[in-house]
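Written below as structure tokens is the structure these notes are about.
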């Protein structure tokens, strides 16, 4: 009996000690403690912004906030002094000497302003898709800082544009800010194929020879090449420099026969095909009609390039082809 009583007393003491420890931990957890770093919104810093477990006085303002997007610091002693008048006792600063306070903000940057102007220009002056309109400012506007809770973005309310000079004048409304007056240039752009390095006449273009660049649309023209696949495998008619915009007139089928090159001249007539040696008088690509000098007869004839070093002369009269001596 005595032994059971001792065990019961020991269990009760253990439970009491555990409960007391939990109460102490709860009190420690609920004790007001000073924060080291905080982010605030609005013009005022409240007790709850600076102190954990501030209780019913958490919403009481005690300091002014830094400017939008700015960071400042408050000495721990100043916080303790400020909350004392509001019956917040037992504030533990711990190792915190200064509380770093940052004012939260939303930034309306210059890209957003550019996009709003480009969209307005595209709609009002039919400049094409807004994403293809490049806007540059005479004087770059500063980023606009607003409260994170403020909705909306820049909105163009007045706009003038001269296509000849590409100049624009715009008044832009900003949320909870004064209207912004900006000037600059705006140009509709186009993606075009340009050369990555110099090329010589007759060079056959490959993927590595070509790049895509955005150029003012007014400088490109209608015959400009806009897709690399349109140029790959074709040859250049003339030498071109790095950065040159490729146009349809700059390209041709690759020449497979060069001037003064020896070729096989093939005479074809119904039922007859003869070959002789010749020398090309002009260059040409497959399918081109070129002049070739027959090395045997010393006469110049017209033929169609059928492949590298091969030119076909077609006749309808077999007697013409039959009168030729076969190639040796």
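The values are calculated or read from the model by the stated rules, or taken from the named source; none is laboratory data. Predicted model, so just to flag it, every value in this text is computed and none were measured. Heads up, the Cβs are rebuilt from the backbone with ideal geometry, glycines too, and the neighbour counts pull from every protein chain shown.
What the table below lists for this structure:
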{"item": "Of residues in segment 112-138 being outside any helix (DSSP H, G or I) and free of Cβ contacts under 8 Å to residues at least 40 places away in the same chain, the one surrounded by the most Cβ atoms within 10 Å (Cβ to Cβ)", "result": "129"}
{"item": "Checking residue 85 against (1) under 30 Å from residue 148 (Cα atoms); (2) surrounded by fewer than 14 Cβ atoms within 10 Å (Cβ to Cβ); (3) out of contact with any helix residue (DSSP H, G or I) (no Cβ under 7 Å at 6 or more places or on another chain), the condition it does not meet", "result": "(1)"}
{"item": "Single match in 154, 198, 188 (criterion: in contact with a helix residue (DSSP H, G or I) (Cβ under 6 Å, 6 or more places away or on another chain) and under 30 Å from residue 236 (Cβ atoms))", "result": "188"}
{"item": "Residue pairs meeting the criteria (Cβ under 6 Å; at least 6 apart or on separate chains; first farther than 18 Å from residue 135 by Cα and in the same structural domain as residue 134 (by TED's automatic domain parsing), in segment 202-226; second surrounded by 12 or more Cβ atoms within 10 Å (Cβ to Cβ) and modelled with pLDDT under 90)", "result": "none"}
{"item": "Candidate set from segment 209-226 (those that are touching a strand residue (DSSP E or B) at 6+ places or on another chain (Cβ under 7 Å) and part of a loop (DSSP other than H, G, I, E, B)); member that is surrounded by the most Cβ atoms within 10 Å (Cβ to Cβ)", "result": "225"}
{"item": "Some residue of segment 20-31 being buried (at least 16 other Cβ atoms within 10 Å of the Cβ), farther than 21 Å from residue 149 by Cβ, touching a strand residue (DSSP E or B) at 6+ places or on another chain (Cβ under 9 Å) and at pLDDT 55 or above", "result": "no"}
{"item": "Counted residues, segment 292-305 - those being surrounded by fewer than 16 Cβ atoms within 10 Å (Cβ to Cβ) and either in contact with a helix residue (DSSP H, G or I) (Cβ under 6 Å, 6 or more places away or on another chain) or outside any loop (DSSP other than H, G, I, E, B) (or both)", "result": "2"}
{"item": "Of the criteria (1) out of contact with any helix residue (DSSP H, G or I) (no Cβ under 9 Å at 6 or more places or on another chain); (2) in contact (Cβ under 8 Å) with a residue 24 or more places away in the chain; (3) not assigned by TED's automatic domain parsing to the domain that holds residue 297, which one residue 244 fails", "result": "(1)"}
{"item": "Residue ID - surrounded by the most Cβ atoms within 10 Å (Cβ to Cβ), chosen from residues in segment 267-291 that are part of a strand (DSSP E or B) and touching a helix residue (DSSP H, G or I) at 6+ places or on another chain (Cβ under 9 Å)", "result": "267"}
{"item": "Residue within segment 155-170 that is under 21 Å from residue 109 (Cβ atoms) and touching a residue at least 60 places away in the same chain (Cβ under 8 Å) present", "result": "no"}
{"item": "Condition check for residue 156: touching a strand residue (DSSP E or B) at 6+ places or on another chain (Cβ under 6 Å) and farther than 30 Å from residue 285 by Cβ", "result": "yes"}
